[in-house]
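A quick write-up on the structure given underneath.
The values are calculated or read from the model by the stated rules, or taken from the named source; none is laboratory data. Model, not experiment: these values are computed from the prediction. Neighbour counts are summed over all protein chains in view; Cβ atoms, including those assigned to glycine, are modelled from backbone coordinates with ideal geometry.
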Amino acid sequence: MAAYRAALGGSLAAVRLLPLGRCRPSPAPGSTLSGAAMEPAPCWLAGLRFDNRALRALPVEAPPPGPEGAPSAPRPVPGACFTRVRPTPLRQPRLVALSEPALALLGLGAPPAAEAEAEAALFFSGNALLPGAEPAAHCYCGHQFGQFAGQLGDGAAMYLGEVCTATGERWELQLKGAGPTPFSRQADGRKVLRSSIREFLCSEAMFHLGVPTTRAGACVTSKSTVVRDVFYDGNPKYEQCTVVLRIASTFIRFGSFEIFKSADEHTGRAGPSVGRNDIRVQLLDYVISSFYPEIQAAHASDRVQRNAAFFREVTRRTAWMVAEWQCVGFCHGVLNTDNMSILGLTIDYGPFGFLDRYDPDHVCNASDNTGRYAYSKQPEVCKWNLQKLAEALQPELPLELGEAILAEEFDVEFQRHYMQKMRRKLGLVQVELEEDRALVSKLLETMHLTGADFTNTFFLLSSFPVELESPGLAEFLARLMEQCASLEELRLAFRPQMDPRQLSMMLMLAQSNPQLFALMGTRAGIARELERVEQQSRLEQLSMAELQSRNQGHWADWLQAYRARLDKDLEGAGDAAAWQAERMRVMHANNPKYVLRNYIAQNAIEAAERGDFSEASTGLSLWWGGGGGLAPDPSHPHDPPGAAGAEATGEPLPLRGGGCHRSRGHGGQWGGRQAALLQQ
């Protein structure tokens, strides 16, 4: 073990380890890293078997000749889907946390503690390569905030290879933060401890919440540092370089098909492989045969129909994924086409967030100045991104056919799954009624009116007393009121964001030069600011007692409608006790007690920065078996295998938290239309 630890900080060329047990060092087959003639041999990870199909099926750019480090020099990568790269070693890598459920996908059993820690730090940092690994960076483009950005690619991630398991499954491994690649542009290819812990925790939390997602197997930090300006306020600081091991069937995304795009009419940018339809054909063949084999088998003789069926399935999966987001209160934050998985997985966790108080206008990305990726806009944006994918698939999929599929499938599939999920969250287990849509809409409006906590309110509804004269109704309503915003929180939420003189100038511009005002794209922001000013004035005149009375009235009205709907559901059941038991089971299976609120992630980050990594594992345990995940729901036919954790136990609700959310200009974490709604 001492030899392992001594080797952790060394470069790949210098790593020399004494054998552990019967293990012997051996070269890494297929590795292209120069200077790494002898790689350390793994023990716990020795059973991983690589078969890197993507690098055989798709064109790979060989790094241009040049001095050491030249392969990672920023450059266009035309005519290729991948380019060979080399991880940059870290100084004294140290394991932060492992996700044993994620690593079990690879066929890895429970690790022996000491050996696993050393091996994970060495191999999952990129300081050494596993036998058969072939690091490469993927080339893709993307529309970012609605504008085509040209070549992007894996600027901070590296494909390691594909592990094949004894059960016939194939999993791609990625290292995120392992150093620069040709796609890093002016960046350093590194990720830091805070962003890596957030991605590690959220990947696993989303899986255990039943949301389609990539997985995270390990998080490894180091003594290497980079400079980051955390709050973009001119106060940069040194932060620890950290790497996350990511796992998915593939990380190919919508933007992978945009490398063939000709010069964009708005930005003038083009993909690096314009005119290479032969590569587009290769990429389609690879993706469909590898990840949609049933479609390949059904349409082997008709490529257009095969490609249409593929696009239809991607559309459905994307609609299903974003419906799950909306039902768990997840905000992605950067829904560019390069962050959309071709398999309908949640991918690339950046400035994500979960709703605390329900706010349809919540924006979790401080750089999203127009609110393009606000919570309520996510379905619309995903549909827009699918439109761009349809455009990128032509001529192999005629655009009119792709657009027809999108119009036919997306909205219907999204609404169908969204309402199915919402019925389960409300415990409506017997019959589906058209009025359910209005009931859900009114619930969300009531949550918005009262500033209710999204997750806690749904979890609390499982304890709603269904009997008409139940003595517990008053207690339930009192607990519900605890989830609503206080007057102080409202006043903080609606505090004006603009200097009064600036607002006055913008209003004058709107009157004197409406064309220029419209071009500036600030109309919606000014309207929200006026709402805040008006609402702030009203709140100054409102007492806490008046606010509580109003909140109680809103909730009493909705609960009356909810009880009436539950009565209709009960009418369709033969046994009231069995119906109640099923209702409780379904609600516990669909309403998590915990989501990854920012304060949970922040606690883990701050502890890790002090050298205490236990909080990261504690965060995972909330979903693994701490009573706050989801119970399996057999009535939900679309749940991915193993997509649920432990059953919620009905313990007292946790304190409201997550005050670290940064909600850009929308009245704190909730606001927007709140000003008008509070007048009701």
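A few comments on the model shown:
- When the residues of the stretch 84-124 are filtered to those that are part of a loop (DSSP other than H, G, I, E, B) and charged (D, E, K, R), the one that is surrounded by the most Cβ atoms within 10 Å (Cβ to Cβ) is ARG86.
- Flag not set for ILE279, criterion: at pLDDT 95 or above, surrounded by fewer than 23 Cβ atoms within 10 Å (Cβ to Cβ), aliphatic (A, V, I, L, M) and closer than 18 Å to SER249 by Cβ.
- Among the candidates SER222, SER196, residue that is buried (at least 21 other Cβ atoms within 10 Å of the Cβ), under 17 Å from ILE347 (Cβ atoms) and of a type outside the set (D, E, K, R): SER196
- So GLN387, is it under 13 Å from the mean Cα position of the chain (by Cα) and not in a loop (DSSP other than H, G, I, E, B): no
- Cβ-Cβ under 9 Å pairs, at least 6 apart or on other chains, the stretch 536-563 side within 23 Å of GLN580 (Cβ to Cβ), far side among the β-branched types (Val, Ile, Thr) and at pLDDT 90 or above: TRP555/THR446; TRP555/THR450; TRP558/THR446
- Among the criteria (1) part of a helix (DSSP H, G or I); (2) hydroxyl-bearing (Ser, Thr, Tyr); (3) buried (at least 19 other Cβ atoms within 10 Å of the Cβ), the one TYR594 does not fulfil is (1).
- Checked against (1) within 33 Å of the chain's Cα centre (by Cα); (2) crowded, with 19+ Cβ neighbours inside 10 Å, TRP579 passes all but condition (1).
- Meeting the requirement of 1 or more residues that are farther than 25 Å from ARG585 by Cβ and out of contact with any helix residue (DSSP H, G or I) (no Cβ under 8 Å at 6 or more places or on another chain), the helices (runs of 4 or more DSSP H) wholly within the stretch 415-512 are 436-450, 473-482, 487-493, 500-512.
- Verdict on ARG56 being at pLDDT 85 or above, over 25 Å from ALA120 (Cβ atoms) and not in a loop (DSSP other than H, G, I, E, B): yes
- Exactly one residue out of PHE454, PHE459 is more than 22 Å from ALA581 (Cα to Cα) and either touching a residue at least 40 places away in the same chain (Cβ under 8 Å) or crowded, with 23+ Cβ neighbours inside 10 Å (or both): that is PHE454.
- Among the residues listed as MET508, MET447, the single one being in the same structural domain as GLN535 (by TED's automatic domain parsing) and surrounded by 17 or more Cβ atoms within 10 Å (Cβ to Cβ): MET447
- If you filter the stretch 253-270 down to residues that are touching a residue at least 60 places away in the same chain (Cβ under 8 Å) and surrounded by fewer than 24 Cβ atoms within 10 Å (Cβ to Cβ), you find that the one that is farthest from ARG215 (Cα to Cα) is HIS266.
- Residue-level analysis places ALA518 among those that are among the hydrophobic types (A, V, I, L, M, F, W, C), at pLDDT below 80 and surrounded by fewer than 18 Cβ atoms within 10 Å (Cβ to Cβ).
Listed here are the residues, each with its yes/no results for (1) over 30 Å from TYR232 (Cα atoms); (2) basic (Lys, Arg); (3) assigned to a loop (DSSP other than H, G, I, E, B).
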residue	(1), (2), (3)
ASN307	yes, no, no
PHE311	yes, no, no
ARG317	yes, yes, no
VAL334	no, no, yes
ASP338	no, no, no
LEU343	yes, no, yes
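- Tally of residues being touching a strand residue (DSSP E or B) at 6+ places or on another chain (Cβ under 9 Å) and either farther than 29 Å from LYS442 by Cα or surrounded by 22 or more Cβ atoms within 10 Å (Cβ to Cβ) (or both) across the stretch 374-397: 5
- Among the conditions (1) within 23 Å of the chain's Cα centre (by Cα); (2) at pLDDT below 95, the only one that PHE458 does not satisfy is (2).
- Among (1) within 24 Å of the chain's Cα centre (by Cα); (2) buried (at least 24 other Cβ atoms within 10 Å of the Cβ), the one test that SER273 misses: (1)
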